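Visitor: Pasting a structure here, questions to come.
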Amino acid sequence: MPLSQIAQQDVEMLSELALSALTDGILACELFFLAGLCFRPRMQAFSPAWLWGVALALIGAASLLGLIDHGFFEAIDHPQHRTMVVLTRLVIVAGSLAMIVTAAVQYLTGLLRHVVIGVAMLGALYPVFLILTSDDFLSVILYYSAGLLLLLLLSIANLRQNSGTLPMIAGIVLTLGISGMIPAQSQGFWGLGLYGSYHVLLMPTVILLYFGGRYFRPKRGATAT
């Protein structure tokens, strides 16, 4: 059999679910690597730069859980598939909350900072409730989209604060556009499916988000400028 036919058969053996698991795993490795780069020497815990590393690590953990679910549980309709879905979505919400807290600590001060963080924590209860009681995913998308929009607005308002602002803005805009594929029920790229395409498009985008947060303050307690 010609090699071209063998290769074609191998590609056809990979279902959209398998491709989703594979691309989830690649994305998770990338996010963990970028998160590790965030935790550099002389960085204080709970500083904006440290919190951004936590946010990237949590998003990476959600991708890893997605890999485990799609590759081992959902593929065989395992009874614990629902548990894995819930856990994955809860970690996405946690990562989104960490992103909002990062934005507040980096750009806001005083009472406004505490109000934004408090509202974000209360707002997280809504998607958490729906995750635990239904198969709703839209609330998760809306929550992390709201977090991205907050960070986008604050980044634009502080455009000249650091050299990572432009990459952050570009990364957020691209992430929001890519995320729109899910509620739009896009078919994604041929051969990859919706979620495989979603993960592949995020791979270069998260690099922009990393560079955007690279220049966040590494010191805790400093005031926004």
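Any read-out appearing in this document is the output of simple, stated calculations on the displayed coordinates, not a laboratory observation. Keep in mind that this is a model prediction, so the values were computed, not measured. As a convention, Cβ positions derive from the backbone with ideal geometry for all residues, glycine included, and neighbour counts pool all protein chains shown.
Visitor: Using only DSSP helix segments of four residues or longer, with each worth -39500 (n - 2.57), what per-residue ellipticity at 222 nm results for the chain after dividing by its residue count and rounding to 500?
Guide: Helices in the chain give a 222 nm mean residue ellipticity of -25000 deg cm²/dmol.
Visitor: Would you pull out the residues with amide H under 5 Å of residue 189's amide H, same chain only if 5 or more places away, H placed 1.01 Å from N?
Guide: Correct list: 197.
Visitor: Now a separate question. Suppose each label sits 7 Å from its Cα in the direction of the beta carbon; what would the residue 132-residue 33 distance come out to in nanometres?
Guide: The answer from the label model is 3.7 nm.
Visitor: Mean separation of Cα pairs under 8 Å and 6+ residues apart, divided by the residue count of the chain: what relative contact order is that in percent?
Guide: 27 percent
Visitor: Another question about this same structure. So what are the ³J(HN,Hα) numbers for region 40-56, from phi and the Karplus equation (6.51, -1.76, 1.60; θ = phi - 60°), rounded to whole Hz, Gly and Pro as x?
Guide: 8, x, 6, 9, 8, 4, 6, 6, x, 5, 5, 5, 5, x, 4, 4, 5
Visitor: In terms of the Cα gyration tensor, with a ≥ b ≥ c the square roots of its eigenvalues, is region 105-194 rounded because a/c is under 1.5, prolate because a/b exceeds b/c, or oblate?
Guide: Verdict is oblate for region 105-194.
Visitor: Considering only C-alpha atoms, what is the centroid distance from region 97-172 to region 185-225, in Å?
Guide: Cα centres, region 97-172 to region 185-225: 14 Å.
Visitor: Could I ask something else about it? Using the C-alpha atoms of region 171-225, what convex hull volume per residue, in cubic angstrom, is computed?
Guide: 98 Å³
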